[in-house]
Amino acid sequence: MSKVKDFNIILNNSASRSFGLWSDYRFNLTEYIISQSTKIKEKYDSCLLIGCGSSNDIDLHKILKVAGKITLSDIDESAIKEAIKTYNLQKNSIDVEVVDYTGINSSNLFNDFVSLSLKNTPEMMSKIIDQLFKTIENYRFLEKNMGKYDLVVISPIYTQLLYSQFRMDLGVLSDLNYPSKSIEYLESKFLEKMPDLLKRFNQNLIDLANVKATVVCVSDIFEFAVGTDEHKKIIELATIENGINDYHLNYRNQYGYGLGDYGIADLSSYLDVLDSKWFFWNFDEKRLLLVMAKVMKKYDKIRKD
Ligand SMILES: C[S@@+](CC[C@H](N)C(=O)[O-])C[C@H]1O[C@@H](n2cnc3c(N)ncnc32)[C@H](O)[C@@H]1O
């Protein structure tokens, strides 16, 4: 069994992930990526798409207008095949890389986390979590392609790298009457480890980009239940200048960084940010996500350092 892979295949297959439902989001996001590249006056030789899945969120036809070749990467090969079919992509314009960005995909410690938790004390499980993260400390993906890409596009992924799968295990433990205090303990232990994992992931992305590359990162920062007061409030704030930026900063000051926020902030700390923009993503009938996109350059930063 490979939990990371299976989990993402299920999510990618879920009926709610509709190509049709995301059409406005896809249009707006793709236009933004294209318009930024036009502004920078660049045509890219090779683009790497991270977390491509079925590419319901980015129109690959349009990306091919600014990029000679796109490398589609994801852990879910069937979703990539779906993308190739949807956009009728020709072999000579794409490469496919089926890859795990975390290195945990084949770890039995992670795959058997629930059964291990039932056999061991929470303190022992805490050590197992240490051990688990130790095994991926030096993990790198797509090493053969380092420095190759002049456009790297990251589709929302920080909130999906491991933690959501781990939370599902905690849900199973909770159903099995595992003590809630122990669940909280394991969750905070796991969360403690996430920043290092995200930093390593980001460093890997930066190394895949060539020295003059443009990096476009898209990250989900907030989720709203459709129809709630918070949902109505955020829609209203979007009509006010800096409304969403202020909401974001206030939230951070009060509660700190979520994983999506941390991931994109960390990545942008190594790069020069040229532009950023918020997007609403009608994820499904019940959920609206607020997503931040940042356009960044590697070159200028290197020149300054
Ligand atoms: C939220 S989706 C992004 C949206 C996606 N571009 C689409 O249009 O459906 C995140 C993607 O990251 C992939 N993913 C999650 N964890 C991964 C991992 N550890 N390694 C590689 N890909 C992963 C998932 O399979 C999924 O396709």
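Computed from the coordinates by the stated procedures, all read-outs in this text should not be read as laboratory data. Because the structure is a prediction, the values reported are computed rather than measured. Cβ atoms come from the backbone with ideal geometry, glycine included; neighbour counts cover every protein chain shown.
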field: Overall dimensions of the chain by Cα: Rg and Dmax, Å
entry: 19.6, 59
field: Space enclosed by the convex hull of the alpha-carbon atoms of the range 63-203, per residue, Å³
entry: 125 Å³
- prompt: Stokes-Einstein at 10 °C, 1.306 mPa s, Kirkwood radius from Cα pairs: D for the range 210-277 in µm² s⁻¹?
  reply: 115 µm²/s
Residues in the range 192-231 reached by a label modelled at ASP284 [backbone nitrogen below 19 Å; 7 Å Cα→Cβ]: 220-228, 231
task: Compare the peptides 67-80, 127-140 by average per-residue count of other Cβ atoms within 10 angstrom and give them in order, highest first.
output: 67-80, 127-140
- prompt: Expressed as a rounded percentage, what relative contact order does the range 186-305 have, with Cα pairs under 8 Å and six or more residues apart?
  reply: 39 percent
Dipole of the range 1-146, positive direction: furthest Cα of ILE40, PHE113, TYR139, with charges on the beta-carbon: ILE40
message: Taking 0.36 nm per residue of sequence separation and subtracting the Cα-Cα distance, how much length would be gained by fully extending the chain between ALA238 and TYR139, in nm to one decimal?
response: 31.7 nm
message: Tell me which of ASN177, LEU162, THR228 sits at the most positive position along the dipole axis of the range 150-246, charges placed on C-beta atoms (Lys, Arg +1; Asp, Glu -1).
response: LEU162
Lys, Arg +1 and Asp, Glu -1 on Cβ, resulting dipole of the chain about Cα centre, debye, nearest 20: 800 debye
query: What 222 nm value per residue comes from the helices of the chain, counting each DSSP H run with n ≥ 4 as -39,500 (n - 2.57) and dividing by all residues, nearest 500 deg cm²/dmol?
result: -15000 deg cm²/dmol
